[in-house]
Each structure stands twice: as C-alpha cells, then as structure tokens.
1. Out of the residues in segment 43-76 meeting the condition of being of a type outside the set (A, V, I, L, M, F, W, C) and closer than 11 Å to Gly117 by Cβ, tell me which one is farthest from the ligand (Cβ to nearest atom).
2. Which one is nearest to Gly64 (Cα to Cα) among residues in segment 18-42 that are within 12 Å of the ligand (Cβ to nearest atom) and surrounded by 16 or more Cβ atoms within 10 Å (Cβ to Cβ)?
3. Please work out which residue is nearest to Ile66 (Cα to Cα), limiting yourself to segment 93-131 and to residues that are outside any helix (DSSP H, G or I) and free of Cβ contacts under 8 Å to residues at least 12 places away in the same chain.
4. Working only within segment 62-92, note down all residues that are within 26 Å of Ile31 (Cα to Cα) and either free of Cβ contacts under 8 Å to residues at least 12 places away in the same chain or surrounded by fewer than 18 Cβ atoms within 10 Å (Cβ to Cβ) (or both).
5. On the basis of being surrounded by 13 or more Cβ atoms within 10 Å (Cβ to Cβ) and farther than 27 Å from Ala124 by Cα, does Val96 make the cut?
Amino acid sequence: MKLTNVVPWGRSFEEYQAMFELSDDDLNKKILGCGDGPASFNVDATERGSQVASCDPVYQFQVGEIRRRIDEVYPEIMTKVRQDADKYIWESLSSVEHLGGVRMNAMSKFLADFEAGCQQGRYAEWRPKSVSFLLYP
Ligand SMILES: C[S@@+](CC[C@H](N)C(=O)[O-])C[C@H]1O[C@@H](n2cnc3c(N)ncnc32)[C@H](O)[C@@H]1O
C-alpha cells in the first residue's frame, strides 16, 4: 500500500503478541514499544500487569487531534485495503471489515487511555531528528 504521509493506525494486544512472539516470560519483563502509535498494546498489557512504556512522534498531539486524524485516514486506508484485498493473506483476520473492526477497536482503546497513560508516564513523545512527521499534511 502506498501512502503519502505517516498515518495513525494501531494494532491490538493479540496482534502484537503474535507479531513479536511474546511469551508470558517476555510480558513479565519491562517493555519499550517504539513507534507504538495508537496501538492498544500498552493499555492491554498494562491491564494484564505488564510494565510498558511507548514512544512515538504522534504523542506530541492532543487526544482530540489524534482522534480526528484517525477518523480522517480510516476510510482512505480501508478503501486501499479493499482495492488490493486479494494481495493480503486473510488468516488471523478474515476480511477487510474484520480488519477494520479490530484496528478501530484497538485505536479507540488507545484513545480512551491516552491521557491517563501520559500522566502515568506510559506514553512519551519521541521526535526523531531525521524524520519530519506530519500528522496534518
Ligand atoms: C502504522 S503506525 C503502527 C503503530 C503500531 N506500531 C502498530 O503496529 O499498531 C506507525 C507509527 O510509527 C510512528 N513513527 C513514524 N516514524 C517514526 C520514527 N522515526 N520513530 C518512531 N516512530 C515513528 C508513527 O507516528 C505511527 O504511530
């Protein structure tokens, strides 16, 4: 998929667990999530008793700004996935609609947790020097 800007798009705890093959032992260690964006891994893992800190350029924005940007880009991403649906392997996610539901659920969970997580030091803004990050093009 070709995107002209970095977009907020977040995975669930289960997707992270599968993607990084996280064992119970791993989840008992301190975890730093780099580029976690609006994933729900931090909030889900915290609820399960893990110690997670996330860093991402998008955390420089207010929760309302991140929500607005998610709402803006979500239809565009879904359209692009739908156009090329036959190029993806639909195993853990059964359809484009299933993908959209899982991702939106993860991002909604992140948004609901973001302010409390910032106060608790679980989300930290990260501004890489070499990358110009544009939430609003
Ligand atoms: C598509 S999202 C994926 C979020 C999460 N990792 C997931 O898999 O659900 C990509 C994230 O990378 C972040 N990002 C982009 N450039 C970055 C950089 N140079 N350093 C750290 N994070 C970056 C963006 O802000 C965005 O939140």
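The values are calculated or read from the model by the stated rules, or taken from the named source; none is laboratory data. These numbers come from a predicted model, not from an experiment. Here Cβ is always computed from backbone atoms with ideal geometry, including for glycine, and neighbour counts include all displayed protein chains.
1. Let us first name the residues in segment 43-76 that are of a type outside the set (A, V, I, L, M, F, W, C), namely 44, 46-51, 54, 56-57, 59-60, 62, 64-65, 67-69, 71-72, 74-76.
Those left that are additionally closer than 11 Å to Gly117 by Cβ: 46, 54, 59.
On the way: Thr46: 16, Ser54: 9, Tyr59: 8 Å.
The residue in question is Thr46.
2. To start, the set of residues in segment 18-42 that are within 12 Å of the ligand (Cβ to nearest atom) comprises 18-20, 32-42.
Checking which are surrounded by 16 or more Cβ atoms within 10 Å (Cβ to Cβ) leaves us with 33, 36-42.
Details: Gly33: 22, Asp36: 18, Gly37: 14, Pro38: 13, Ala39: 16, Ser40: 17, Phe41: 20, Asn42: 19 Å.
Of everything passing the filter in segment 18-42, Pro38 is nearest to Gly64 (Cα to Cα).
3. Filtering segment 93-131 for residues outside any helix (DSSP H, G or I) gives 93-95, 120-131.
After this cut, where a residue has to be free of Cβ contacts under 8 Å to residues at least 12 places away in the same chain as well, the list is 93-95, 120, 129-130.
Details: Leu93: 25, Ser94: 27, Ser95: 26, Gln120: 19, Lys129: 21, Ser130: 22 Å.
Looking at residues that are outside any helix (DSSP H, G or I) and free of Cβ contacts under 8 Å to residues at least 12 places away in the same chain, I get Gln120.
4. Taking segment 62-92 and keeping what is within 26 Å of Ile31 (Cα to Cα), we get 62-63, 66-67, 70, 92.
If the condition is that a residue be within 26 Å of Ile31 (Cα to Cα) and either free of Cβ contacts under 8 Å to residues at least 12 places away in the same chain or surrounded by fewer than 18 Cβ atoms within 10 Å (Cβ to Cβ) (or both), then Gln62, Val63, Ser92 are the ones that fit.
5. Numbers: surrounded by 13 or more Cβ atoms within 10 Å (Cβ to Cβ): yes; farther than 27 Å from Ala124 by Cα: yes.
When the stated conditions are applied, Val96 passes them.
Conditions tested, residue by residue: (1) modelled with pLDDT of 95 or more; (2) farther than 17 Å from Gly10 by Cα.
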site	(1), (2)
Phe41	yes, no
Val52	yes, no
Val58	no, no
Leu93	no, no
Met107	yes, no
Arg127	no, yes
